[in-house]
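Report on one structure; see the data block that follows.
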Amino acid sequence: MPIDRTGEDRPLLFVGWIDALPVPAALIRPLARGNFRLHASNAAFDRLGLSPAGLTAPIELRRAIERADQDPEDTQEFSCQLGEGPAARDLRGSIGPLSEECGGDHLFLLTLIDRTQEMMTERNLRRELVSDSLTGLPNRAGFEELVEQRIADDAESDHAILLLDLARFSRINEHIGPLAGDELIITVARRLKSSLRSGDILARTGGDEFAISSRIAGGRADVREIARRIRGCFDHPFRIGELKVSVDCALGCTIQVGGDRDVADQVRHAQIALKRAKQTDRIEIYEPEAAMLSDNRFGLETALRSAIEEDRLYLAFQPLIELATGKVSGFEALARWDNKSGDAISPTEFIPIAEDSGLIVPLGQWAIAKAASTIAEWDAKNGGVPVDCYFSVNVSAIQLVRDDVATVVRRALEANDVGGERLMIELTESAIIGDPDLALSVLSELKALHTRVAMDDFGTGYSNLAYLQRLPLDVLKIDRSFVDHMVDDRDKVAIVRTIQSLAEALGMKTTAEGVETADQARLLSALGCDFGQGFLFAHPMASDAAFDYWRQSLSRPIF
């Protein structure tokens, strides 16, 4: 019969089963301060090297023994680590009372399960979840965790969070290839790391975005100094194989005041500043007003999305007047939106939001379909006789790239049994010249539908005349900036005359925007301009009012 290992000769009943347990196990008696007396143990327990005196016993084990001693009726469970470094073992343990029937007199059964491999797998998985596989730096989740830990350790200090976005990286990646692009990211990470101070946190939070957290003492001045040092990393080209690649960056920053623990909110603030930095090409530090503007824009975006889905927008129509005869030639169809309170939202406010969010595509599709259906409604009001005018609809540069504009127009025409000559599609000069080959393809498809095409805002960009000659355009729209005050400005008159001569040479018509006075209209007509549009003739109006305007124009010239 086994004898306990303390030297006492009192036999313990059924102790032999301990050796049969598949896990490290021992019978112990609690002593003061979490120490214990070992009565029996199996070989697996002995190999762990736990000292009864508690010299090598983990603090978690000793606390569990103390709890067991104080409350001998309950089983105590705990987790602990035995040893340090690569040889450390992760254990999960249980201490339960041994019944008196088994010979236990204030004796406890201690069992341990080795979870080292399981914990190692969990730590590796956790490391993968919070790390960037390419650079080995923390990713966004890892960055936020590290910053939160830093704040917990040093709640009184101010910190700066800086977000960095590589300029033109996608274009560079296209030219040098994805493998070289990865090497560029790694090289940028190394150069950034070498520029930081000890204790700064560097992370890769996106494909071409890095984040930095740094303690600061001097407020905005410190932030700008850190930002300048970071930007200095890009003063010299990066060598990738045989290539030298010049890269620039945009930097947005925010200051995290001591005690502010909302790291995710601070990262959002830095993103707002970064977005502005991309526009200004300066180092931008977050301002609360920018967050308010961003929140307002997000609210408008959400409301606009609902308005499009619920068909709560409408078209307003501004007449296009033939200057030589004073007759109505057509109408420009303009998207309008009133919110649920009945307040009008300016197009200058919601159109940029639609373009930023991608809502401009469904908005443009709706406008084309609505214009075609309105033409059909007007024909019905006119006794089934087609009205002698066309509708002009604006198409955004974003829709031109992302959407199949020709298919959208064709479906709208077919759905309403309207001929293509009844629609004119307006594209901005920047949209057409930005990608002339795409524009040529889309415009050719539109012309195949007999749809007319106008170049809007002509003269405000940098048109390539060679491409302009190739494009099947019908109308050049002279930007309102040249019409405003042109009566008293000889330079503007010269510009309008030049545009008119160019249009005539290319077989195109011209429409002048922003006509507000009779003198402007007469001067434009004298210069040979074909059509005029502006408040002199009419403000944009609802469909019924526009139809009445057209019908009245049949009996008397507008101008």
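The values are calculated or read from the model by the stated rules, or taken from the named source; none is laboratory data. Worth saying up front: this structure is predicted, and the values here are computed from it rather than measured. With ideal geometry, Cβ positions are generated from the backbone for all residues, glycine too; neighbour counts draw on all protein chains shown.
What the table shows:
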read-out	value
Selected residue (criterion: surrounded by the fewest Cβ atoms within 10 Å (Cβ to Cβ)) from residues of segment 216-266 that are more than 14 Å from Asp165 (Cα to Cα) and acidic (Asp, Glu)	Glu242
Filtered residue count, segment 498-515, keeping only those that are surrounded by 14 or more Cβ atoms within 10 Å (Cβ to Cβ) and over 18 Å from Gly330 (Cα atoms)	4
In segment 370-421, residue surrounded by the fewest Cβ atoms within 10 Å (Cβ to Cβ) [restricted to those that are of a type in the set (D, E, K, R) and closer than 11 Å to Thr451 by Cβ]	Glu421
Output for segment 526-559, where each listed residue is of a type outside the set (A, V, I, L, M, F, W, C) and more than 20 Å from Leu476 (Cβ to Cβ)	His539, Pro540, Ser543, Asp544, Asp548, Tyr549, Arg551, Gln552, Ser553, Ser555, Arg556, Pro557
Check on Leu98, under 20 Å from Arg115 (Cβ atoms) and either surrounded by 12 or more Cβ atoms within 10 Å (Cβ to Cβ) or in contact (Cβ under 8 Å) with a residue 60 or more places away in the chain (or both)	no
Answer from Ala324, Ala316, Ala354 - the residue that is aliphatic (A, V, I, L, M), closer than 25 Å to His539 by Cα, in a loop (DSSP other than H, G, I, E, B) and touching a residue at least 40 places away in the same chain (Cβ under 8 Å)	Ala324
Residue within segment 34-46 that is in contact with an Asp or Glu (Cβ under 9 Å, 6 or more places away or on another chain), part of a loop (DSSP other than H, G, I, E, B) and modelled with pLDDT of 85 or more present	yes
Residues (out of contact with any strand residue (DSSP E or B) (no Cβ under 6 Å at 6 or more places or on another chain) and β-branched (Val, Ile, Thr)) located in segment 139-171	Ile151
Qualifying residue in segment 285-303 (condition: in contact with a Leu (Cβ under 8 Å, 6 or more places away or on another chain) and either under 21 Å from Ala431 (Cβ atoms) or assigned to a helix (DSSP H, G or I) (or both))	yes
Options Ala227, Ala291; residue that is modelled with pLDDT under 85 and either more than 27 Å from Leu129 (Cβ to Cβ) or hydrophobic (A, V, I, L, M, F, W, C) (or both)	Ala291
Pair list, Cβ under 8 Å, 6 or more apart: segment 114-133 residue within 23 Å of Gly49 (Cβ to Cβ), other residue at pLDDT below 85	Asp114/Arg89; Thr116/Ala88; Thr116/Arg89
Criterion (over 45 Å from the mean Cα position of the chain (by Cα), within 23 Å of Ala335 (Cβ to Cβ) and not in a loop (DSSP other than H, G, I, E, B)) met by exactly one of Asp548, Asp519, Asp544	Asp548
Residues (of a type in the set (Asp, Glu) and more than 33 Å from the chain's Cα centre (by Cα)) located in segment 403-444	Glu414, Asp417, Glu421
Considering residues of segment 15-33 that are among the β-branched types (Val, Ile, Thr) and in contact with a helix residue (DSSP H, G or I) (Cβ under 8 Å, 6 or more places away or on another chain) only, the residue modelled with the lowest pLDDT	Ile28
Enumeration of residues in segment 333-351 that are without any contact (Cβ under 8 Å) to a residue 12 or more places away in the chain and among the small types (Gly, Ala, Ser)	Ser341, Gly342, Ala344, Ser346
Filter result for Phe169 (in the same structural domain as Ile272 (by TED's automatic domain parsing) and within 16 Å of Val267 (Cβ to Cβ))	no
Output for segment 152-182, where each listed residue is under 24 Å from Val245 (Cα atoms), modelled with pLDDT under 85 and of a type in the set (Asp, Glu)	Glu174
Any hit, segment 133-144, residues being exposed (fewer than 15 other Cβ atoms within 10 Å of the Cβ) and within 20 Å of Val23 (Cα to Cα)	no
Output for segment 519-546, where each listed residue is aromatic (Phe, Trp, Tyr) and surrounded by fewer than 20 Cβ atoms within 10 Å (Cβ to Cβ)	Phe535
